[in-house]
1. What number, rounded to the nearest 500 deg cm²/dmol, is the helix-based mean residue ellipticity at 222 nm of the chain, given -39500 (n - 2.57) per DSSP H run of at least four residues and division by all its residues?
2. Wrap a convex hull around the Cα atoms of the chain, take a quarter of its surface area, and give that in square nanometres.
3. Quick one: which residues, 5 or more positions from Lys14 or on another chain, have an amide H under 5 Å from its amide H? H modelled 1.01 Å from N in the peptide plane, none for Pro or chain starts.
4. What list of ³J(HN,Hα) couplings, whole Hz, do you get for region 31-37 from phi and the Karplus terms 6.51, -1.76, 1.60, once you set θ to phi - 60° and write x for glycine and proline?
5. Kindly state, to the nearest 0.05, the FRET efficiency for Thr51 paired with Leu13, given R0 = 25 Å and r defined as their beta-carbon distance.
6. Apply the Karplus parameterisation 6.51 cos²θ - 1.76 cosθ + 1.60, with θ equal to phi minus 60°, to every residue of region 41-49 and state each ³J(HN,Hα) to the nearest whole Hz, in sequence, with x for glycine and proline.
7. Output the peptides 53-60, 17-24 sorted from most to least packed, where packing is the average of other Cβ atoms within 10 Å over each peptide's residues.
Amino acid sequence: MESLLQTLKPSGLKAEKVWFQDGYIFVKMNDQRIFGHPLSWYPILENGTDTQRQSFELWNEGKWLHWEELNEDLSTEGFLSFVKP
């Protein structure tokens, strides 16, 4: 599992695009790969409105996702390594 995570998150991996569709959050990385998780894994985002979810910023050149109105932050590294039990 550790080697898989190392493959998924090289030091230069950054988010380029974020969108929500059919109950999922998707993140497109700068290497063009797309990753998605069920929105239910992120209750703050799930409980926000569509407008609130769409109002995000990419911080630190895409290494962090930030939703000011929801007071929610996700790192791209955390997004890639997060596994819901």
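Just so it is clear, none of the values below were taken in a lab; they were calculated from the coordinates. Everything numeric here is computed off the predicted structure, so don't read it as measured data. Note that we place each Cβ from the backbone using ideal geometry, even for glycine, and neighbour counts take in every protein chain shown.
1. The helix contribution divided over the chain gives -6000 deg cm²/dmol.
2. 5.6 nm²
3. Amide H neighbours of Lys14, under 5 Å, 5+ apart: Asn30, Asp31.
4. Each residue's phi maps through the Karplus curve to give 9, 6, 6, 10, 10, x, 9 Hz.
5. 0.30
6. Ordered by residue, 3J(HN,Hα) equals 6, 10, x, 5, 5, 4, 7, x, 7 Hz.
7. 53-60, 17-24
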